[in-house]
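The values are calculated or read from the model by the stated rules, or taken from the named source; none is laboratory data. The structure displayed is predicted, hence computed values, not measured ones. Here Cβ is always computed from backbone atoms with ideal geometry, including for glycine, and neighbour counts include all displayed protein chains.
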Amino acid sequence: MITDKEYPATHSMATSWYCVDEDGNVGIFDIDDNGPVPVGEYRQNCVDEVFYEDFTFDEAQFKRLHLSPDQISQMLEPMDIKDVWEESVIDNGQINVSWMDVIVQIDMDKFDIFKKAHELDASPYHPLVCLSEELGLFYADFFDNKAGVDLLEQNDVVKAKFKAPHFEYTDEDDKEEQERIGKENKKFPVYIYRQNYWPFHDPAIRVTCPTNPLKIDQLPDNIKRQVKALSVRFSKKEKIQLAELLPVGSIWSIRYVYDNKIWWELASSDGGTIYYNESTNVIIQKQEMDRYIDEGLAEEWEYDKHKEIKR
């Protein structure tokens, strides 16, 4: 296996979680398998799930995202067949994947038909989310719901269809692909920070900088109580090393042993090197660790020699 290349199957342990900055702007961190992630923090599987599910209010007939008109406008992009995959064969027939993860504008007089069509898909992973009841805008997924699509088309329910923002990333040095992904991610009205799988000690990098960012007061109360406040301003901070801001765990990096503790080598937000201990939430600067190494007080972790030292 090539160790500096991304393999999709290796990301089953990736996690995303949410936070707020000093200006009240909401951010989502997408952290790959090697961490770090906040200790004891609530987290979901991916950016899309956090945005379309965690940030929604539960109402009688659907979930609702409380967004401003400008934020909604930022999310809308006309559906272009060039931007979607070819038709896919699924269990219940053929359906174009342009119905996967869409924002649709419907005739609200036909909402009951729309809701019935959506309910023909029994999957709990495809929520119905209202963006604007006034405009009839909903986020939905009808990819494997051919019966639902047929019902919508037979009754002229959908007036317009848009590509819903879907978070993507790449570590490949492909300028064209990076530009396409950058354009897609910018539709999210939240700050998103991404830490790549390799190199695993780097800070998280800001990949979206929205013009009209989502604010903490637009989130449900139960989510507000779980949001971690960071002492930074997202608009001014391109890179964030989480270990410099709050207690973190699930780290994987080069380890050193000092004072009978494990110290993880991490890159700081400003490009330097720091050493972080999970059990004490203490940071040692590189100059200090180098001195301990020179004095024989610290050394790189080795399994046979240090396997009893856990943290």
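Quick look at the numbers
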| quantity | calculated |
| --- | --- |
| The stretch 154-200 - residue that is basic (Lys, Arg) and assigned to a helix (DSSP H, G or I) and, of those, modelled with the highest pLDDT | Lys183 |
| Some residue of the stretch 244-267 being β-branched (Val, Ile, Thr), within 21 Å of Asp30 (Cβ to Cβ), in a loop (DSSP other than H, G, I, E, B) and touching a residue at least 24 places away in the same chain (Cβ under 8 Å) | yes |
| Scan of the stretch 117-131 for residues that are exposed (fewer than 15 other Cβ atoms within 10 Å of the Cβ) and either under 12 Å from Gln61 (Cβ atoms) or touching a residue at least 40 places away in the same chain (Cβ under 8 Å) (or both), ordered by number | Glu119 |
| Flag for Ser231 being closer than 24 Å to Tyr193 by Cβ, surrounded by 13 or more Cβ atoms within 10 Å (Cβ to Cβ) and of a type in the set (Ser, Thr, Tyr) | no |
| Gln74 vs. criteria at pLDDT below 95, in a helix (DSSP H, G or I) and surrounded by fewer than 20 Cβ atoms within 10 Å (Cβ to Cβ) | yes |
| Subset of the stretch 226-243 (residues that are part of a strand (DSSP E or B) and without any contact (Cβ under 8 Å) to a residue 40 or more places away in the chain) | Lys239 |
| Residues (in contact with a strand residue (DSSP E or B) (Cβ under 7 Å, 6 or more places away or on another chain) and at pLDDT below 60) located in the stretch 1-47 | Glu41, Tyr42, Arg43, Gln44 |
| Residue match in the stretch 217-225 (condition: without any contact (Cβ under 8 Å) to a residue 40 or more places away in the chain and under 18 Å from the mean Cα position of the chain (by Cα)) | yes |
| Count - residues of the stretch 270-285 that are buried (at least 18 other Cβ atoms within 10 Å of the Cβ), assigned to a strand (DSSP E or B) and either in contact with a Lys or Arg (Cβ under 6 Å, 6 or more places away or on another chain) or of a type in the set (Asp, Glu) (or both) | 1 |
| Some residue of the stretch 150-161 being touching a Phe, Trp or Tyr at 6+ places or on another chain (Cβ under 7 Å), among the hydrophobic types (A, V, I, L, M, F, W, C) and touching a residue at least 60 places away in the same chain (Cβ under 8 Å) | no |
| Strands (runs of 3 or more DSSP E) (entirely within the stretch 101-145) containing at least 1 residues that are among the polar types (S, T, N, Q) | 102-106, 129-132 |
| Test: residue in the stretch 216-233 that is within 25 Å of Asp23 (Cβ to Cβ), touching a helix residue (DSSP H, G or I) at 6+ places or on another chain (Cβ under 7 Å) and modelled with pLDDT of 95 or more | yes |
| Top-ranked residue in the stretch 140-151 [being buried (at least 16 other Cβ atoms within 10 Å of the Cβ), of a type outside the set (Gly, Ala, Ser) and modelled with pLDDT under 95; ranked as farthest from Phe188 (Cα to Cα)] | Lys146 |
| Any hit, the stretch 288-302, residues being in contact (Cβ under 8 Å) with a residue 40 or more places away in the chain, under 30 Å from Ile205 (Cβ atoms), in a loop (DSSP other than H, G, I, E, B) and touching a helix residue (DSSP H, G or I) at 6+ places or on another chain (Cβ under 9 Å) | no |
| Count - residues of the stretch 281-306 that are under 34 Å from the mean Cα position of the chain (by Cα) and either among the basic types (Lys, Arg) or closer than 12 Å to Tyr258 by Cβ (or both) | 6 |
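For (1) over 15 Å from Gly148 (Cα atoms); (2) under 25 Å from the mean Cα position of the chain (by Cα); (3) modelled with pLDDT under 95, each residue gets a yes or a no:
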{"residue": "Gln94", "(1), (2), (3)": "no, no, yes"}
{"residue": "Val97", "(1), (2), (3)": "no, yes, yes"}
{"residue": "Met100", "(1), (2), (3)": "no, yes, yes"}
{"residue": "Met108", "(1), (2), (3)": "yes, no, no"}
{"residue": "Phe111", "(1), (2), (3)": "no, no, no"}
{"residue": "Phe114", "(1), (2), (3)": "no, no, no"}
{"residue": "Leu120", "(1), (2), (3)": "no, no, yes"}
{"residue": "Pro124", "(1), (2), (3)": "yes, yes, yes"}
{"residue": "Leu128", "(1), (2), (3)": "no, yes, yes"}
